[in-house]
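Bear in mind these aren't lab numbers, they're just calculated from the coordinates by the rules spelled out. Since this is a predicted model, take the numbers as computed values, not measurements. Here Cβ is always computed from backbone atoms with ideal geometry, including for glycine, and neighbour counts include all displayed protein chains.
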Amino acid sequence: MLHDPNLRTVSGMRPTGPLHIGHYFGALKNWVPMQETHSAYFFVADWHALTSDYADTSRLKGFVRGLVIDWLASGLDPEKCAIFQQSKVLEHAELSLLLGMITPVSWLERNPTYKEQQQEITNKDLGNFGFLGYPVLMAADILMYRPKWVPVGQDQLPHLELTREIARRFNGFYGPVFPEPEARLTPAAKCPGLDGRKMSKSYGNGIFLQDTMEEIAPKVRGMFTDPARLRKSDPGNPDVCNLYPYHELLTDPETRAEIREGCTTAKLGCVDCKKIFMKNLEAFLAPLHERRAKYVERPELVDDILAEGNKAAKAEASRTMQDVREAMHM
Ligand code: SF4
């Protein structure tokens with residue numbers, strides 16, 4: 001792992017179930033190259049999972065391990081980055097508590113995700129303090145590693161802005177401890193679910209990284225394409241097709257041009273188009289499945305990787321907390 005503080009970055013994911021290919025193309029694909037050039041900290045945000053999924057924690061341990069296996073399968077290498085579990089580095093809780101002291105509640109209430117999710121998620125009671133305060137925990141997770149920048153999707157920008165505001169407020173009260181991390185926007189990948197809605201575990205409309213090709217085949221067969229194309233003899237339109245965005249991710253440009261031409265002139269049927277997709281998906285998933293097998297067979301390896309990562313994260317977190325406590329005269 002690299003140890004240049006100027007090249008430090010941190011990112012996490014909530015352990016709420018198996019990752020689908022949308023997670024790969026939306027985040028992991030960007031994470032993997034970072035470990036080559038940065039001191040990268042990747043954490044399993046298990047406390048974050050509790051902010052909304054607090055009522056039933058019976059599957060949490062399995063989800064933590066499963067998430068790390070998905071990361072390793074996708075190419076994260078514990079020799080090159082720190083993979084750790086948030087709840088095992090207690091400094092995150094301490095920093096979150098201290099940052100909570102200086103964060104106005106109004107900043108949290110105006111968080112767009114807070115309002116949106118409270119309206120949208122009706123099957124859970126999100127009136128808990130932890131849910132309102134999760135951006136403070138997020139700020140602690142980021143600021144702990146004092147990165148110059150963090151990779152974020154467009155939807156995460158308001159959170160990062162809040163982190164920057166909290167850092168600024170802290171530095172204003174107690175002196176310069178935290179750099180304000182800048183956002184590095186990760187390219188958004190379009191990965192619609194099999195039914196055209198957002199790919200999500202809860203809709204049951206995803207292709208998961210752990211799925212075998214036998215499991216994937218019926219999902220792809222049932223995948224929505226151009227809704228106006230009822231027969232093979234009808235010309236199709238890739239721009240309204242649910243499958244075509246996957247060709248953008250997995251198919252080479254030359255074949256893509258052939259697909260577009262074949263589709264719009266009704267020379268290529270959706271069944272054959274799906275066959276091309278399946279072939280490319282299989283080639284994409286093969287190395288992931290190969291890497292995964294080792295960890296599924298020997299899950300204790302995952303525990304060892306987490307133990308090492310926890311240690312590395314804790315070392316960095318202790319340094320930060322020393323500065324924080326000193327600055328705050330604690
Ligand atoms: S041929 Fe391919 S791109 Fe065209 S509508 Fe069918 S699945 Fe979509």
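If you plug the beta carbon distance of residue 120 and residue 184 into 1/(1 + (r/R0)^6) with R0 = 25 Å, you get a FRET efficiency near 0.35. What the phi angles of the stretch 297-303 give under the Karplus curve with 6.51, -1.76 and 1.60, with θ = phi - 60°, is a coupling list of 5, 10, x, 5, 4, 5, 4 Hz, glycine and proline written as x.
Amide H contacts for residue 39 (H built 1.01 Å from N in the peptide plane; partners 5 or more residues away or on another chain; cut-off under 5 Å): 4, 7, 8, 9. Could you check which residue among 35, 156, 119 shows the biggest mean-square fluctuation in a GNM of the chain with a 10 Å Cα cutoff? Looking only at 35, 156, 119, the biggest GNM fluctuation is shown by 119. Selection among 20, 90, 320 by position relative to the dipole of the chain gives 20 as farthest towards the positive end (Cβ unit charges, Cα centre).
Each DSSP beta bridge with both residues in the chain is either parallel or antiparallel, and the antiparallel ones are about 10%. Going from the residue with the fewest nearby Cβ atoms within 10 Å to the one with the most, 144, 13, 101 rank 101, 13, 144. Cross-link partners for residue 88 among the lysines, with Cα-Cα distance under 19 Å and sequence neighbours closer than 8 places in the same chain left out: 61, 311, 314. Label 7 Å along Cα→Cβ of residue 330; the stretch 129-158 residues with amide nitrogen under 12 Å? Once the point is set 7 Å along Cα→Cβ of residue 330, nothing inside the stretch 129-158 turns out to lie under 12 Å by backbone N. When 304, 53 are arranged by Cβ crowding within 10 Å, least crowded first, meaning fewest neighbours, the order is 304, 53. Under a Gaussian network description of the chain, with springs only between Cα atoms under 10 Å, the residue in 242, 280, 128 that fluctuates furthest is 128.
What dipole magnitude, in Debye to the nearest 20, does the stretch 201-290 give about its Cα centre under +1 on Lys/Arg Cβ and -1 on Asp/Glu Cβ?
On the way: 12 positive and 14 negative charges, 78 e Å.
About 380 debye.
Each residue of the stretch 99-108 is assigned a 3J(HN,Hα), and the resulting list reads 5, x, 5, 9, 9, x, 4, 4, 5, 6 Hz, derived from the Karplus form 6.51 cos²θ - 1.76 cosθ + 1.60 (θ = phi - 60°), x at Gly and Pro. In a simple Cβ point-charge model (Lys, Arg +1; Asp, Glu -1; nothing else charged), the stretch 59-104 has a dipole of about 240 debye relative to its Cα centre. The 3J(HN,Hα) values that the Karplus relation (6.51, -1.76, 1.60; θ = phi - 60°) gives for the stretch 122-131 are, in residue order, 9, 8, 10, 8, 9, x, 7, 4, x, 6 Hz. Gly and Pro appear as x.
Note on the chain: with a GNM built from Cα contacts shorter than 10 Å, the maximum mean-square fluctuation among 274, 198, 124 falls on 124.
Distant-in-sequence amide contacts of residue 12, defined by a placed amide H-H separation under 5 Å and a gap of 5 or more residues or a different chain, comprise 43.
Taking amide hydrogens as placed 1.01 Å from N in the peptide plane, the amide H of residue 20 sits under 5 Å from those of 209, each at least 5 positions away in sequence or on another chain.
Determine the relative contact order of the chain: mean sequence separation of Cα pairs under 8 Å and six or more apart, normalised by residue count, in whole percent. Walk me through the intermediate numbers first.
On the way: 468 pairs, mean separation 74.3, N = 330.
Reported relative contact order: 23 percent.
Please find the FRET efficiency linking residue 254 to residue 77, where r is the Cβ-Cβ separation and R0 is fixed at 30 Å, and quote it to the nearest 0.05.
Details: r = 32 Å, r/R0 = 1.06.
Result of the calculation: an efficiency of 0.40.
Ordering 216, 7, 31 by the projection of their Cα atoms onto the charge dipole of the chain, which places +1 on the Cβ of Lys and Arg and -1 on the Cβ of Asp and Glu, puts 216 at the extreme positive end. Straight-distance candidates among the lysines for linking to residue 219, with alpha-carbon spacing under 16 Å and chain neighbours fewer than 8 residues away dropped: 198, 201, 274, 275, 279. Simple point charges give the picture: +1 on the Cβ of Lys and Arg, -1 on the Cβ of Asp and Glu, and for the chain a dipole about the Cα centre of about 380 debye.
Over the chain, dividing the summed -39,500 (n - 2.57) contributions of all DSSP H runs of at least 4 residues by the number of residues returns a 222 nm mean residue ellipticity of -16500 deg cm²/dmol.
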